[in-house]
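Below: one structure, written as structure tokens.
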Amino acid sequence: MSFSAGWYAVAIAGGLEPGTSAGTRLFDKELVIWRDKDGASHAWEDRCPHRGMRLSFGFVRGNHIACLYHGWQFDEAGQCRYIPAHPKLDVPDTIKVARYPSVEAKGLIWVYSEMVAEAPVPAPEDGAATPVRSLYLERDPATVGFIIENGGAGPFEILSDSLFATNVEGAELLVALQPFTDDRTALHIVITSGDIAPAKIAVWAEELRAVLETVRPISSGDALLAERFAS
Amino acid sequence: MRDTTTMVFLGRFVPESFAEFMRHRAARLSLEASFGTIGPERIEVEVGGDEDLIDMFEMACSLGPIDCLVLDIYREAQLR
């Protein structure tokens, strides 16, 4: 299984508070996600155009993010607005950070996987959702997706290559797969309907992690048999 | 303040590599750059734009690409 360019969830939206930044990866590309003081989230290349420092190590100052290294500040559009060593400088438009299209929907932050001005496909639709948690699996994204799609981790409805739905004790869940690196996968879980304590789903999520990290996918013709590694 | 100056880089260069490095940095800093001598031991470039940005350009080029070594930098005024 392979993943195509598209929208991928990279974080639970509520986990990114105003004035904070975090680093993540999508197909091994390093991203900074940050939320400005007005509440808007942003997903950019995690690299200051000055000396390459990760912007995820930086500080959010109002609606700007400042690089940890030399304090260069970038506005919501990625444009450099202030260089502390040259406070009177009118910073040219060419000094800016590369950005990814991003939206918030269903309690998640979604990023389009290619660095384009505008995503060529519609962003995920919004909807009510209660965040549960994110899981970071020590397993490659293709295998994780293969196991979920073929029933190796229980019944899931396949909404796309990276988005799955399931029902746990009457609650409807969305499980969004983030191809983190070649050998790591993140799953972001939200409740879309049903009255169940998120803590209960969190326990289910840990069991899901254990299965997805240990089940051995076996292809037999068109069928998939999933079996646990012998302990 | 706008300025125009000629910079001379002395060292050991892969000329095409250093020229491309200079082009990229000049574009990033919105500077006008016109190249003079581009050789294995001497590179000359005239740059025009904000003086702070010209200083940044010099700093960036003093590091240079991995396959080049800058040993010294002069500006035109210092050569006179």
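Details
- Some residue of region A:117-129 being in a loop (DSSP other than H, G, I, E, B) and within 15 Å of A:Asp36 (Cα to Cα): no
- Test: residue in region A:67-80 that is among the hydrophobic types (A, V, I, L, M, F, W, C), assigned to a strand (DSSP E or B) and within 27 Å of A:Ala186 (Cβ to Cβ): yes
- Residue in region A:36-57 that is part of a loop (DSSP other than H, G, I, E, B), in contact with an Asp or Glu (Cβ under 8 Å, 6 or more places away or on another chain), modelled with pLDDT under 95 and of a type outside the set (Phe, Trp, Tyr) present: no
- Test result for A:Ile148, more than 14 Å from chain B (Cβ to nearest Cβ), crowded, with 18+ Cβ neighbours inside 10 Å and in contact (Cβ under 8 Å) with a residue 40 or more places away in the chain: yes
- Residue in region A:91-114 that is modelled with pLDDT of 95 or more, assigned to a strand (DSSP E or B) and within 14 Å of another protein chain (Cβ to nearest Cβ) present: yes
- Counting the residues of region A:1-29 that are of a type in the set (S, T, N, Q) and surrounded by fewer than 17 Cβ atoms within 10 Å (Cβ to Cβ) gives 3.
- Just so you know, in region A:65-88 the residues that are crowded, with 17+ Cβ neighbours inside 10 Å and of a type in the set (A, V, I, L, M) include one that is nearest to the other protein chains (Cβ to nearest Cβ), and it is A:Ile83.
- Residue within region A:119-132 that is closer than 20 Å to A:Leu212 by Cα and either surrounded by 20 or more Cβ atoms within 10 Å (Cβ to Cβ) or among the β-branched types (Val, Ile, Thr) (or both) present: yes
- For region B:1-57, the set of residues classified as surrounded by 20 or more Cβ atoms within 10 Å (Cβ to Cβ), within 14 Å of chain A (Cβ to nearest Cβ) and part of a loop (DSSP other than H, G, I, E, B) consists of B:Leu29, B:Leu31, listed by residue number.
The values are calculated or read from the model by the stated rules, or taken from the named source; none is laboratory data. Since the model is a prediction, treat every value here as computed from it, not as a measurement. Positions of Cβ are backbone-derived with ideal geometry, glycine not excepted, and every protein chain shown enters the neighbour counts.
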